[in-house]
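K.L.:
So that we are looking at the same thing, I have put the structure below in structure tokens.
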Amino acid sequence: MKKSILIIVIAIAFQSFSQIDVKNIENVPMANPIEIIDIPGPSALGGDEVLWSEDFADETTPNIITEDIAGYGDWKWSDQSPSGQWSENAGVIQSETPDNGFMIMEADFYNTSPQNDVADGQVGENPVSASFTIGPIDLSASETEELVLQFYSNYRICCYYAPSPNNDLNVYISTDDGATFDDLNYIEGETFEVNVEKETLSQIPLGSFSPNTDGVYFKFEWVGTHYFWMIDDLSIIQRPAYDLKMQSSWLTMEDPASIEYYAIPENQMPDEMMIGAEVYNYGYNDDANITLNGSIDGQGIYTEIQYDLVEADSTAYVETNYFDVSMLSAGTYNFTAEITSSGTDQNTDDNMLSREFVVSDHVYAIDGLYTAYEWQGTGWPGGDDTADGVRYANYFDIKEETVLSSIEIILDTGEHPTSLGTFQTEAGGEMIAYVCDTTGIFDPLVETLNPDFGGAIWTSDFYLVSESDVNDGRVVIDVDELPLDVNAYYIVIEMYSNGLATDILILDDTSVPQPWFASLVFYPNDQTWYSNPNASSIRIGLDGFENSLNENMLDGITCFPNPTNDYIEITSNQILDGESNLVIYNILGGEVMRRSYSQFGHKKQIDLHRLSSGSYILEFENDDKTSKHKLIIE
């Protein structure tokens, strides 16, 4: 059995609960959550000069040997994204040199028709196992054994939690010209999350293997039925003595533990919150008496905690004590977590992380950060099995009595070609909204969840998705002032696409990994709730906040490009005289930009450089008529 190099410093629900299989809640098959750890390039990693590197620029690199162990598929060189029925949403690896090629194992491709005699429309379950070996590599010039193998890695694996012989990611080393190989106990291979795409710059210390010889080989091995693994830009550098890296950080409340809400209404804010961080010690020395500093920028809120020891090659989860946040009023804030080493950490660029959160007037939302996102909805994943009756649910904790006034769903209106067909939100689909009791969700005696959880407290009428909803990029379902007592609730959206004739797609915010109960998906074909480790785009408005759409729509207005990076071009199919107003709102309804025109004419280009990445609502008004559009800035 492989050793685990994951050390839990302070037990926290945020990490330990994520993706846990309870109450027959499984992981979402084919959904595409992604976790990206943004690590600087090799020049900023704190190591000395690069001793050896391989960027796979040559399709016929002579020192690479591939082996199809199971007989169902092999590693190969490629410059294209993974293919196969369940992998078509994935892009290419985010390495330094993806354009000149990389190594890829696309197991999902080998289990998609017509490969391996898989029938059209079916999903093969052939146990793909293969490896590629690179070498010999001459490291004999190194004066130290404290070397590090580093490489860019993008992987997603199915379907069992580690450790399991059914799926694994292994990296091996040989220092005797490939005669024998030792397991490097690759950390992602030891702790990978099922069905989660992960993009990292992986670093594996080699000091215990005496690597400074002239006959070093590395072997990368895949075991599993589905998805992929991409490898690029291998290199060997000398390891620093001290170097802490902050992998992730979080701001959470005590109850409910672990959920990271993006927006919390002021009257639902807890009195106390805490800041935590996932810290990896990349240095070859143990790091003693490290300090985690947490703060909310510009508010004079500061907290810190010290921890005695983070051993070399280990990951620690460190959290502050709960601190007072009762003074925060409605507004947008940033929290920051910073880790301080006790040694000489020469690269501190990766010691700090921060992110935005909102104390709102009325909007309650898990989703909203959208630094990374995916799409889901009727028919995807699942095809006909999820065409009608699929449900999405988000968890909301009510700390003070309030009134539910509206439910908002952010639509994905892009066009998505897949092996199951092309999906795009169209008018004509229908929705039903439910407010459900969460009774039983944490009860160990409850083994299986009903479709309505602990029961439906309120049910909407059928809501017909209109063309204006699609143009606006959202649906708002008004609620007739439903009182909510102090309790927890699931807001559930059930979708019908008329047999995939009128798809409904929604966004899935993958920016922050969430605990298993935060966001769930119900598939009608097997009557089962599945855990979504992200946040579906379902939010609520409290205390009279309806956020309803203007029915007096202005036709013939288009926005291009969308998504965009730095500008948007507003075009009208007719000349617009008189006063026109352009207003851009963030997802919580806050105004972030306004432009006025006495004579708009036919077309205007709007500079968006000062707006950060994320989702917005663009509202264009002329002659008391309004056109609204979802705007995504990348």
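K.L.:
Lone cysteines in the chain, going by a 4.7 Å Cβ-Cβ cut-off?
P.N.:
When partners are defined as cysteine Cβ atoms under 4.7 Å apart, the chain leaves C436, C559 without one.
K.L.:
May I ask for the Kirkwood hydrodynamic radius of segment 557-633, worked out over all distinct Cα pairs and given in angstroms to one decimal? The partial results should precede the final answer.
P.N.:
Details: mean 1/r = 0.0798 Å⁻¹.
Kirkwood radius, segment 557-633: 12.5 Å.
K.L.:
So, one more: Could you compute the longest span of the chain free of trypsin sites (Lys or Arg not before Pro) located in DSSP loops and having at most 10 other Cβ atoms within 10 Å, not counting the site residues? Don't jump to the answer; show the numbers that get you there.
P.N.:
Details: sites that count: K3, R610.
The answer is 4-609.
K.L.:
Largest first and to the nearest Å, give the Cα extent of segment 100-146 along each principal axis.
P.N.:
Sorted largest first, the three principal extents are 56, 25, 16 Å.
K.L.:
Taking 1 over the mean of 1/r across every pair of different Cα atoms in segment 268-390, what Kirkwood radius in Å do you get?
P.N.:
Kirkwood radius, segment 268-390: 17.4 Å.
K.L.:
Where the centre of each part is set by its Cα atoms, how far does segment 263-323 sit from segment 130-206, in angstrom?
P.N.:
About 29 Å separates the Cα centre of segment 263-323 from the one of segment 130-206.
K.L.:
To continue, here is another question. For the pairs K399/K628; K245/K399; K604/K628, note any where the Cα-Cα span goes beyond 27 Å. Kindly include the intermediate steps, with their values, before the conclusion.
P.N.:
Numbers: K399/K628 34 Å; K245/K399 36 Å; K604/K628 16 Å.
Going by Cα-Cα distance, K399/K628; K245/K399 fall outside the 27 Å limit.
K.L.:
In a Debye calculation with equal point scatterers on the alpha-carbon sites of the chain and no solvent, what is log10 I(q)/I(0) at q = 0.09 Å⁻¹?
P.N.:
-0.80
K.L.:
Please list the non-local residues whose amide H lies under 5 Å from the amide H of V592, H modeled 1.01 Å from N, same-chain partners needing a gap of 5 or more.
P.N.:
Here I584, Y585, N586 satisfy the definition.
K.L.:
While we're here: List the GluC sites (Glu not before Pro) within segment 418-494 that DSSP assigns to loop and that have no more than 13 neighbouring Cβ atoms inside 10 Å. Walk me through the numbers on the way to the answer.
P.N.:
Numbers: sites: E426, E430, E447, E467, E481, E494; in loops: E426, E447.
Loop-located and lightly packed - E447.
K.L.:
Per DSSP H run of at least 4 residues, take -39500 (n - 2.57); add these up for the chain, divide by its residues and hand me the 222 nm value, nearest 500 deg cm²/dmol. Each step should come with its number before you reach the end.
P.N.:
Details: 4 runs with 19 residues, N = 634.
The helix contribution divided over the chain gives -500 deg cm²/dmol.
K.L.:
Report, to two decimal places, the Cα Rg of segment 343-433 normalised by 2.2 N^0.38 Å (N = number of residues). Before the final figure, lay out each step's value.
P.N.:
Values: Rg = 19.4 Å, N = 91, 2.2 N^0.38 = 12.2 Å.
This ratio for segment 343-433 stands at 1.58.
K.L.:
So, one more: GluC sites (Glu not before Pro), restricted to segment 273-370: which are DSSP loop and have at most 16 other Cβ atoms within 10 Å? Write down the numbers at each step before the final one.
P.N.:
On the way: sites: E278, E304, E311, E319, E338, E356; in loops: E311.
Filter output for segment 273-370: E311.
K.L.:
Convert 4 °C to kelvin, take the viscosity as 1.567 mPa s, use the Kirkwood radius over C-alpha pairs of segment 484-634 as Rh, and evaluate the Stokes-Einstein diffusion coefficient in µm²/s, rounded to a whole number. Could you put the intermediate results ahead of the total?
P.N.:
Numbers: Rh = 18.3 Å.
For these conditions, the coefficient is 71 µm²/s.
Read-outs: derived from the displayed coordinates by stated rules, not from any lab. Just so it is clear, the structure is predicted and the values come from calculations on it, not from any experiment. Ideal geometry is used to build each Cβ from the backbone, glycine not excepted, and the neighbour counts take in all protein chains shown.
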